[in-house]
1. State which residue is least open to solvent (accessible area, probe 1.4 Å) when the search covers only the range 51-62 and only residues that are in a strand (DSSP E or B) and acidic (Asp, Glu).
2. State all residues of the range 79-114 that are under 20 Å from GLY161 (Cβ atoms) and surrounded by fewer than 18 Cβ atoms within 10 Å (Cβ to Cβ); if no residue qualifies, say none.
3. Does the range 156-168 contain any residue that is open to solvent by 30 Å² or more (accessible area, probe 1.4 Å), in contact with a Gly (Cβ under 6 Å, 6 or more places away or on another chain) and either part of a strand (DSSP E or B) or among the β-branched types (Val, Ile, Thr) (or both)?
4. Just to be sure, is VAL140 more than 15 Å from LEU26 (Cα to Cα), without any contact (Cβ under 8 Å) to a residue 60 or more places away in the chain, under 14 Å from the mean Cα position of the chain (by Cα) and open to solvent by less than 80 Å² (accessible area, probe 1.4 Å)?
5. Which pairs turn up if I take residues in the range 35-53 that are within 13 Å of LEU157 (Cα to Cα) and look for partners that are part of a helix (DSSP H, G or I) and open to solvent by less than 30 Å² (accessible area, probe 1.4 Å) with beta carbon separation below 6 Å, at least 6 apart in sequence or on another chain?
6. Could you please find all residues in the range 63-119 being hydrophobic (A, V, I, L, M, F, W, C), at pLDDT 95 or above and in a strand (DSSP E or B)?
7. Condition first: within 18 Å of LYS87 (Cβ to Cβ), assigned to a strand (DSSP E or B) and not hydrophobic (A, V, I, L, M, F, W, C). Now tell me which residues in the range 131-145 satisfy that.
8. State yes or no: is GLN24 open to solvent by less than 80 Å² (accessible area, probe 1.4 Å), closer than 21 Å to GLN162 by Cβ and not charged (D, E, K, R)?
Amino acid sequence: MADVLLPPPGGDLDTIPAGLWACQVLKPGIKLAAATDADWVWVQGFKKFDPQFDPQSEDDSDITMGGWNSEAGTSNGCTIDVEGLYKGASDTTAGFIPDPGLTQLIAAGRKTGTGMVERIRCWRTDDVPDAYQGPVLCKVKTTGGDPKELQKFSGQLIFRGQPESITKPDELAGP
């Protein structure tokens with residue numbers, strides 16, 4: 001009997017953390033075609049940033065296939081589940097100043113229609129090549145708690161259409 005082909009040992013491979021993402025939102029009123037790196041605002045406070053593609057299919061089998069299914073891809077989507085802490089900077093005269101990027105996403109989640117849409121760009125901060133941008137529906141909101149807890153947020157950023165693959169930004173202007 002011939003030797004069965006086996007994969008190399010998985011213990012010889014390295015692993016990496018899952019949550020190494022950066023995210024920015026485009027400042028209000030800026031058109032993407034005219035945007036510079038300085039027009040993108042950091043979104044801070046993420047404890048979870050989980051982009052998931054959701055391919056959809058439909059059975060396209062027929063009576064000639066002997067009872068076997070066949071699937072045809074019909075659509076795809078991408079949703080980013082987010083959770084984190086509502087961070088900002090404290091100022092002796094102005095008090096707590098919430099993170100502007102996160103504030104922009106939360107504000108969009110309190111609107112309706114096109115007011116709920118913001119343009120983001122996000123990328124892995126490690127060697128994994130994932131990097132995307134596009135308009136997203138913002139379903140991000142602050143969550144309740146008691147005075148002994150930190151203010152949290154959670155929700156989803158749902159791409160409107162296909163996320164555009166981008167080159168990871170390397171030297172950004174601004175904050």
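The values are calculated or read from the model by the stated rules, or taken from the named source; none is laboratory data. Just so it is clear, the model here is predicted, and its values are computed rather than measured. Note that we place each Cβ from the backbone using ideal geometry, even for glycine, and neighbour counts take in every protein chain shown. For accessibility, only protein heavy atoms count, side chains too; no ligands or nucleic acids. Shrake-Rupley method; radii C 1.70, N 1.55, O 1.52, S 1.80 Å.
1. Here is the first cut: in the range 51-62, the residues in a strand (DSSP E or B) are 51-53, 56-59.
Retained after the next criterion (residues that are acidic (Asp, Glu)): 58-59.
Values: GLU58: 119, ASP59: 76 Å².
Among those that are in a strand (DSSP E or B) and acidic (Asp, Glu), it is ASP59.
2. Listed by number, the residues that qualify are THR79, ASP81, LYS111, THR112, GLY113, THR114.
3. Going through the range 156-168, the residues open to solvent by 30 Å² or more (accessible area, probe 1.4 Å) turn out to be 156, 158, 160-162, 164-168.
Next, from what is left, pick out any that are in contact with a Gly (Cβ under 6 Å, 6 or more places away or on another chain): 164.
Those left that are additionally either part of a strand (DSSP E or B) or among the β-branched types (Val, Ile, Thr) (or both): 164.
Taking every residue of the range 156-168 in turn, at least one turns out to be open to solvent by 30 Å² or more (accessible area, probe 1.4 Å), in contact with a Gly (Cβ under 6 Å, 6 or more places away or on another chain) and either part of a strand (DSSP E or B) or among the β-branched types (Val, Ile, Thr) (or both).
4. Working: more than 15 Å from LEU26 (Cα to Cα): yes; without any contact (Cβ under 8 Å) to a residue 60 or more places away in the chain: yes; under 14 Å from the mean Cα position of the chain (by Cα): yes; open to solvent by less than 80 Å² (accessible area, probe 1.4 Å): yes.
Spelling it out, VAL140 is indeed more than 15 Å from LEU26 (Cα to Cα), without any contact (Cβ under 8 Å) to a residue 60 or more places away in the chain, under 14 Å from the mean Cα position of the chain (by Cα) and open to solvent by less than 80 Å² (accessible area, probe 1.4 Å).
5. Here the result reads VAL43/GLY101; VAL43/LEU102, each pair linking the range 35-53 to a residue that is part of a helix (DSSP H, G or I) and open to solvent by less than 30 Å² (accessible area, probe 1.4 Å).
6. Those that are hydrophobic (A, V, I, L, M, F, W, C), at pLDDT 95 or above and in a strand (DSSP E or B): ALA72, CYS78, ILE80, VAL82, LEU85, VAL117.
7. LYS141, THR142, THR143, listed by residue number.
8. Details: open to solvent by less than 80 Å² (accessible area, probe 1.4 Å): yes; closer than 21 Å to GLN162 by Cβ: yes; not charged (D, E, K, R): yes.
Yes.
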